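Contents: one structure, followed by commentary.
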Amino acid sequence: MSTWIVIGIIVAVVAWGVMIYNGLVALRNRVKNAFSQIDVQLQRRYDLIPNLVETAKGYMQHERDTLEAVITARNAAQAASKRAEAAPADGAAMRELAGAEAALGGMLTRFFALAEAYPDLKANQNMMQLQEELASTENRIAFSRQAYNDAVTGYNIKREQFPDSIVANSMGFAAAEQWLLENAEARKVVKVSFN
């Protein structure tokens, strides 16, 4: 009789550990999925930027340095995004991506500020359409970041709560990093309107 009780306790403990493990796996995969939603929107923005710069080139011939800086910042952010996509729970990769995105946002702000001085560019239909698409994409990125941070919070809470923390720590479930904007410049809204 006592053997069956011991076996029953062992089975219950193993089942409990499996349930916790599976819950952590599900939450970790939600974090990865949430990051992939950000990545889709970031890629959309990265694809819009070269078109924006090409449209502006004909009008902003004296601003070549700014146009090149925008493309350089875009390429750096895209590379950081790929590194973060490979490991969204990696804090260093997420901080690198946030920094690259902040630099890109600063360059886009500078680009749009300079573009204000070119009335013909402001009236260009292609430019206006690209601006509208970029503004829409920025909103989607913001919503995706919020969903990602919510998924990270849920995952981190689960992996830190007792007794789940025992399984999380023994099975290598590392904490996920939220997407935070670290400097005041990065918190400014990118202005995409020429009105």
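The values are calculated or read from the model by the stated rules, or taken from the named source; none is laboratory data. None of these values were measured; they are calculated from a predicted model. A quick note on method: Cβ atoms are made from the backbone with ideal geometry, for glycine too, and the neighbour counts reach across all protein chains shown.
For the reader, a short list of remarks on this structure follows.
- All conditions in (1) surrounded by 16 or more Cβ atoms within 10 Å (Cβ to Cβ); (2) within 30 Å of S170 (Cα to Cα); (3) aliphatic (A, V, I, L, M) hold for A76, with the sole exception of (2).
- Residue, farthest from the chain's Cα centre (by Cα), within the range 164-179, restricted to residues that are buried (at least 20 other Cβ atoms within 10 Å of the Cβ), in a loop (DSSP other than H, G, I, E, B) and not acidic (D, E): F173
- Some residue of the range 52-70 being more than 22 Å from the chain's Cα centre (by Cα), in a helix (DSSP H, G or I), surrounded by fewer than 17 Cβ atoms within 10 Å (Cβ to Cβ) and basic (K, R): yes
- Residue in the range 125-163 that is modelled with the highest pLDDT, counting only those that are within 30 Å of H62 (Cβ to Cβ) and crowded, with 19+ Cβ neighbours inside 10 Å: T137
- Qualifying residue in the range 29-47 (condition: among the acidic types (D, E), surrounded by fewer than 16 Cβ atoms within 10 Å (Cβ to Cβ) and closer than 30 Å to L114 by Cα): yes
For every residue, the table says whether it meets (1) part of a helix (DSSP H, G or I); (2) touching a helix residue (DSSP H, G or I) at 6+ places or on another chain (Cβ under 8 Å).
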| residue | (1), (2) |
| --- | --- |
| L108 | yes, yes |
| F111 | yes, yes |
| L130 | yes, yes |
| A147 | yes, yes |
| I157 | yes, no |
| F162 | no, no |
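- Any hit, the range 28-43, residues being over 19 Å from F143 (Cα atoms) and either of a type outside the set (D, E, K, R) or in a helix (DSSP H, G or I) (or both): yes
- Pairs meeting the criteria (first residue in the range 146-163 and among the acidic types (D, E), second residue at pLDDT below 95, beta carbons under 9 Å, at least 6 apart or on different chains) are D150/A34; E160/A168; E160/A175.
- Residues being at pLDDT 85 or above and not aliphatic (A, V, I, L, M) - total across the range 87-119: 10
- Of residues in the range 80-112 being among the small types (G, A, S) and farther than 19 Å from T137 by Cβ, the one surrounded by the fewest Cβ atoms within 10 Å (Cβ to Cβ): A86
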